[in-house]
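The values are calculated or read from the model by the stated rules, or taken from the named source; none is laboratory data. Please read all numbers here as calculations on a predicted model, not as lab measurements. Note that each Cβ is placed from the backbone with ideal geometry, even for glycine, and that neighbours are counted across all protein chains shown.
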Amino acid sequence: MAYEKVVDADGHVIEPADLWETYLEPQYRPRAIRIVEDDAGFEELRIDGRRHRAFAKGVLAAELCSIGQDPETMLIPGRLSYRRDCPAGGYDPQARLKVMDAEGIDVAVLYPTIGITWEGHVDDPALAAAYCRAYNNWLHDFCLP
């Protein structure tokens with residue numbers, strides 16, 4: 001019997017909240033993608049200092065990392081936290097390998113989560129390239145053995 005590899009062709013990582021602050025070149029760090037709390041205590045995604053308007057107020061984590069969450073309650077504003085409730089398999093390489101093993105996945109093509117939401121919100125090509133370099137450098141480190 002021939003062995004066939006199982007490939008996850010649509011795997012998404014959940015970027016650490018501080019990825020861009022950590023991996024951006026120093027001159028771009030003030031303009032880093034950030035997850036911050038607003039005045040009401042709800043998390044919001046900021047791109048180049050501006051609130052990302054595609055995400056409903058208070059449900060950023062539910063929209064970006066809802067795997068394993070109760071669909072009845074996950075969209076309650078403030079119920080989930082990006083830093084607290086995103087599954088470790090999204091941002092921790094060892095946890096990701098355990099998930100892949102449990103699901104019988106041999107190889108995964110990894111895509112960003114936050115990293116695919118900012119393109120239409122950045123007008124500065126140099127900043128856009130810096131965001132891409134930061135993500136790619138982080139993903140390289142994530143994939144190291």
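Which numbered condition in (1) within 29 Å of Asn137 (Cα to Cα); (2) at pLDDT below 90; (3) among the charged types (D, E, K, R); (4) surrounded by fewer than 16 Cβ atoms within 10 Å (Cβ to Cβ) is the only one that Glu63 fails?
Here Glu63 clears every test but (4).
Would you pick out the residues in segment 97-116 that are within 18 Å of Asn137 (Cβ to Cβ) and in a helix (DSSP H, G or I)? Write out each step before concluding.
Here is the first cut: in segment 97-116, the residues within 18 Å of Asn137 (Cβ to Cβ) are 110-116.
Scanning segment 97-116 gives Ile114, Gly115, Ile116.
Name the single residue that is surrounded by the most Cβ atoms within 10 Å (Cβ to Cβ) among those in segment 86-135 being within 22 Å of Val7 (Cα to Cα) and of a type in the set (S, T, N, Q).
Thr113
Filtering segment 1-51 down to residues that are part of a loop (DSSP other than H, G, I, E, B) and among the small types (Gly, Ala, Ser), which residue is modelled with the highest pLDDT? Spell out the reasoning first.
Step one: list which residues in segment 1-51 are part of a loop (DSSP other than H, G, I, E, B), which gives 1-6, 13-18, 24-25, 32-33, 38-42, 48-49.
Right, trim to among the small types (Gly, Ala, Ser) and you get 2, 17, 32, 40-41, 49.
On the way: Ala2: 72, Ala17: 91, Ala32: 97, Ala40: 89, Gly41: 88, Gly49: 94.
Top of the filtered list is Ala32.
Do the conditions hold for Glu63, that is, is it farther than 20 Å from Ala128 by Cβ, out of contact with any helix residue (DSSP H, G or I) (no Cβ under 7 Å at 6 or more places or on another chain) and part of a loop (DSSP other than H, G, I, E, B)?
Criteria not met by Glu63.
Applying the selection to segment 26-60, what residues are under 18 Å from the mean Cα position of the chain (by Cα), of a type in the set (A, V, I, L, M) and surrounded by fewer than 19 Cβ atoms within 10 Å (Cβ to Cβ)?
Val36, Ala54, Ala56 - these are the residues of segment 26-60 that are under 18 Å from the mean Cα position of the chain (by Cα), of a type in the set (A, V, I, L, M) and surrounded by fewer than 19 Cβ atoms within 10 Å (Cβ to Cβ).
List every residue pair whose Cβ atoms lie under 6 Å apart, where the two residues are 6 or more positions apart in sequence or sit on different chains, the first residue falls within segment 29-51 and is among the small types (Gly, Ala, Ser), and the second residue, located anywhere, is modelled with pLDDT of 90 or more and surrounded by 14 or more Cβ atoms within 10 Å (Cβ to Cβ).
Note: pairs meeting the criteria are Ala32/Trp20; Ala32/Glu21; Ala32/Leu24.
Determine whether segment 77-94 contains at least one residue that is basic (Lys, Arg), over 27 Å from Leu127 (Cβ atoms), over 16 Å from the mean Cα position of the chain (by Cα) and in a loop (DSSP other than H, G, I, E, B). Spell out the reasoning first.
Restricting attention to segment 77-94, the residues satisfying the condition of being basic (Lys, Arg) are 79, 83-84.
Applying the additional criterion that residues be over 27 Å from Leu127 (Cβ atoms) yields 79, 84.
Pick out the ones that are also over 16 Å from the mean Cα position of the chain (by Cα) and you get 79.
Within this subset, residues satisfying the condition of being in a loop (DSSP other than H, G, I, E, B) are 79.
Within segment 77-94, one or more residues are basic (Lys, Arg), over 27 Å from Leu127 (Cβ atoms), over 16 Å from the mean Cα position of the chain (by Cα) and in a loop (DSSP other than H, G, I, E, B).
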